[in-house]
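As structure tokens, the structure follows; a few thoughts come after it.
The values are calculated or read from the model by the stated rules, or taken from the named source; none is laboratory data. In this text the structure is predicted, and so the values were computed from the model without any measurement. Methodologically, a virtual Cβ is constructed for each residue, glycine included, from the backbone with ideal geometry; neighbour enumeration extends over all protein chains shown.
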Amino acid sequence: MNKRVEIDGTYFIEVDDYNWTLKKHVKTAPVCKNGQPSKNAGKLRDVTLGYCSSLGNALDLYTDRHEKDEISKASRPVSIEELKTILLRVESACKALKLVEKCE
């Protein structure tokens, strides 16, 4: 049975005997890379972002990915103040971490 650290509803960390695995819930795109419509369009799936050797490394990777996600959503250059806001959200999510058991 794996353990899971819920971060913010989108990102989570799965914990096993060997790794801390950062994952993200993403919606399946409506169109496949080959241009065909996706039969799973809109359904959530989990994407592995990285395998880490410690919780600290996994949280560093989460911070990096979350910052990039937020910046890529911007329609204009991102200010320092907006970056501070993103980092405060990351800090808040890390302080609210919860460990849950995942039954499979």
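Per the listing TYR51, TYR18, the residue uniquely in a strand (DSSP E or B), touching a strand residue (DSSP E or B) at 6+ places or on another chain (Cβ under 9 Å) and hydroxyl-bearing (Ser, Thr, Tyr) is TYR51. Scanning segment 38-65 for residues that are acidic (Asp, Glu) and either surrounded by 13 or more Cβ atoms within 10 Å (Cβ to Cβ) or in contact with a Gly (Cβ under 7 Å, 6 or more places away or on another chain) (or both) gives ASP60, ASP64. Of everything in segment 1-27, what is more than 15 Å from the chain's Cα centre (by Cα) and either free of Cβ contacts under 8 Å to residues at least 24 places away in the same chain or closer than 19 Å to VAL90 by Cβ (or both)? Give them in sequence order. The answer is ASP16, ASP17, TYR18. Within segment 35-48, the set of residues being at pLDDT 85 or above and not in a strand (DSSP E or B) comprises LYS43 only.
Checked against the criteria, LEU55 counts as aliphatic (A, V, I, L, M) and either touching a helix residue (DSSP H, G or I) at 6+ places or on another chain (Cβ under 8 Å) or closer than 19 Å to SER92 by Cα (or both). For segment 67-76, the criterion of being touching a strand residue (DSSP E or B) at 6+ places or on another chain (Cβ under 8 Å) and surrounded by 10 or more Cβ atoms within 10 Å (Cβ to Cβ) is satisfied by no residue at all. Quickly run through segment 63-78 and pick out the residues that are at pLDDT 80 or above and small (Gly, Ala, Ser). Passing the criteria: only SER72. Of all residues in segment 1-28, those satisfying the criterion of being among the hydrophobic types (A, V, I, L, M, F, W, C) and modelled with pLDDT of 85 or more are VAL5, ILE7, PHE12, ILE13, VAL15, TRP20, LEU22, VAL26.
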